[in-house]
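Please read the structure below before turning to the comments.
The values are calculated or read from the model by the stated rules, or taken from the named source; none is laboratory data. Quick caveat, the model's predicted, so the values are computed rather than measured. With ideal geometry, Cβ positions are generated from the backbone for all residues, glycine too; neighbour counts draw on all protein chains shown. Ligands, DNA and RNA are stripped out before the accessible areas are found, and what is left, the full protein with its side chains, is counted by its heavy atoms. Shrake-Rupley method; radii C 1.70, N 1.55, O 1.52, S 1.80 Å.
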Amino acid sequence: MKHKYAADCHNHSNCSPDGEHSPQAMADRAAALGLRVYTLTDHCECNEYEEKYRDRAAAAWEEMEKLRLPQGPEFLKGIELGQLTQNPGAAREVLATYAYDFAIGSLHNIRDRQDFYYMDCREKSREEIAGLLDEYWDEVLEMIDCGSFDSLGHLTYPLRYIQGEQGVQVDLERHSDKLDRIFRSLIDHEKALEVNSSGIFGKLGETMPGPGLLRRYYELGGRLLTFGSDAHCTESLAQGIDSAMDMAREAGFTQFTVYRQHRPVMLPLE
Ligand SMILES: [Zn+2]
Ligand SMILES: [Zn+2]
């Protein structure tokens with residue numbers, strides 16, 4: 001890794017339904033890469049908690065407890081909480097049950113709508129797409145008010161599909177008021193913003209959020225920033241973290257954040 005304090009605080013093992021490799025294989029890879037901090041964050045989709053993810057979270061926790069920690073990275077235990085607005089009780093329960101270091105708050109689908117992964121926006125008008133995004137930002141704002149997380153995951157997740165996969169360009173200028181509200185709310189609630197580097201390698205071609213939004217968060221006073229590759233296999237672990245860190249430096253940041261026991265720890269971006 002180019003950065004001395006490189007950290008990957010968003011990635012998945014096979015304790016997630018879409019993850020390929022064991023927590024041990026992921027941790028060993030983190031050591032081989034020379035990461036300073038490694039936080040594993042398997043999925044817990046709160047809207048499917050009772051039927052599926054309560055058991056999955058228990059199994060993932062057990063796996064993390066059993067890890068033979070390799071020399072090198074500090075290992076921290078995390079979780080990615082999806083749709084916590086749609087079942088806030090699940091988020092509270094899982095956070096009260098296990099002593100995680102870090103929780104990501106993510107929104108993969110708007111309440112009563114499909115995951116953007118399954119949504120075809122090529123047939124929709126610009127107005128409809130703008131309306132969908134507006135609903136998405138509103139639910140993100142609601143999630144920040146809920147508060148049961150440390151860092152906001154992949155803020156521009158819908159763009160990965162609308163713009164990246166389906167080639168429908170979105171003008172984010174039109175959404176600048178709402179995005180400013182999200183940044184201000186994160187700052188007021190002392191929550192971090194995640195820079196998710198996975199978008200660099202897909203058709204979106206940039207981090208989520210991208211450099212423009214990152215600069216805006218900084219301008220508004222945002223300083224808590226976490227980094228994650230969102231890898232689902234060992235090969236992708238920490239991919240794009242060095243360039244995401246360079247981008248953050250260009251936006252003005254001199255430090256970034258990792259979480260221990262839900263407390264922010266600032267590390268130099270060098
Ligand atoms: Zn996610
Ligand atoms: Zn993820």
Report summary line: Projecting the Cα atoms of SER176, GLY199, GLY212 onto the charge dipole of the range 145-270, where Lys and Arg contribute +1 and Asp and Glu -1 at Cβ, the residue farthest towards the positive end is SER176
Report summary line: Between SER243 and GLU135, the FRET efficiency computed from the C-beta separation at R0 = 25 Å comes out, to the nearest 0.05, as 0.20
Query raised in the report: Based on DSSP H runs of at least 4 residues, each adding -39500 (n - 2.57), what is the mean residue ellipticity at 222 nm of the chain after dividing by all its residues, to the nearest 500 deg cm²/dmol?
Result: -10000 deg cm²/dmol
**Report entry** Carbon + sulfur, % of accessible area of the range 1-114 - ligands and nucleic acids excluded, 1.4 Å
**Finding:** 43 percent
Requested in this report: May I ask which residue of ALA30, MET64, SER106 lies farthest towards the positive end of the charge dipole of the range 15-157, with charges of +1 (Lys, Arg) and -1 (Asp, Glu) on Cβ and the Cα centre as origin?
Outcome: ALA30
Requested in this report: Would you mind checking the radius of gyration and Dmax of the range 109-178 based on alpha-carbon positions, in Å?
Outcome: 12.2, 36
**Report entry** Accessible area (Å², 1.4 Å probe, nearest 10) - GLU206
**Finding:** 70 Å²
Report task. Work out the charge dipole of the chain with +1 on the Cβ of Lys and Arg and -1 on the Cβ of Asp and Glu about the Cα centre, then indicate which of SER243, GLN163, PHE149 is farthest towards its positive end. Result -> SER243
Query - Only Lys, Arg (+1) and Asp, Glu (-1) charged, at Cβ; the range 7-268 dipole about Cα centre in debye - result: 680 debye
Report summary line: ARG263 and GLU20 label points (each 7 Å along its Cα→Cβ direction) are spaced in nm at 3.8 nm
Requested in this report: Could you pull out which residues in the range 75-109 have an amide N less than 17 Å from a spot 7 Å beyond the Cα of ALA31, following the Cα-Cβ vector?
Outcome: 75-77
Query raised in the report: Rolling a 1.4 angstrom probe over the protein heavy atoms, how many square angstrom per residue are accessible across the range 7-268?
Result: 42 Å²
Report task. Could you please report the charge total around GLY205, scoring K, R as +1 and D, E as -1 over all other residues with beta-carbon less than 14 angstrom from its beta-carbon? Result -> 0
Query - trypsin sites (Lys or Arg not before Pro) within the range 183-270, DSSP loop, no more than 15 other Cβ atoms inside 10 Å - result: LYS203
Query - Contour excess over end-to-end distance, with Cα ends at TYR118 and LEU220 and 0.36 nm allotted per residue - result: 33.3 nm
Query raised in the report: Sorted by accessible area (1.4 Å probe), largest first, how do LEU193, LEU224 line up?
Result: LEU224, LEU193
Report task. Please work out, to two decimal places, the log10 of the ratio I(q)/I(0) at q = 0.11 Å⁻¹ from a Debye calculation in which every Cα of the chain carries one identical scatterer. Result -> -0.55
Report summary line: Under Stokes-Einstein, the range 186-240 at 10 °C and 1.306 mPa s, with its Kirkwood radius over C-alpha pairs, diffuses with a coefficient in µm²/s of 133 µm²/s
Query raised in the report: Counting only protein heavy atoms and using a 1.4 Å probe, what share of the accessible area of the range 141-182 belongs to carbon plus sulfur, as a whole percent?
Result: 37 percent
Query - Per-selection Kirkwood Rh - the range 1-153 (Cα, Å, 1 d.p.) - result: 16.6 Å
Requested in this report: Calculate the spin-label point distance for ARG54 paired with ASP171, positioning each point 7 Å from the Cα along the beta-carbon direction, and give it in nanometres.
Outcome: 4.8 nm
Requested in this report: May I ask what percent, to the nearest 5, of DSSP beta bridges between residues of the range 190-270 are antiparallel?
Outcome: 65 percent
Query raised in the report: Per residue and in Å³, how big is the convex hull formed by the alpha-carbon atoms of the range 103-142?
Result: 76 Å³
Query raised in the report: What is the extension gain from LYS178 to ASP145, computed as 0.36 nm multiplied by their sequence separation minus the C-alpha to C-alpha distance, in nm to one decimal?
Result: 10.4 nm
Report task. Please figure out what share of the DSSP beta bridges in the chain is antiparallel and state it in percent, rounded to the nearest 5. Result -> 25 percent
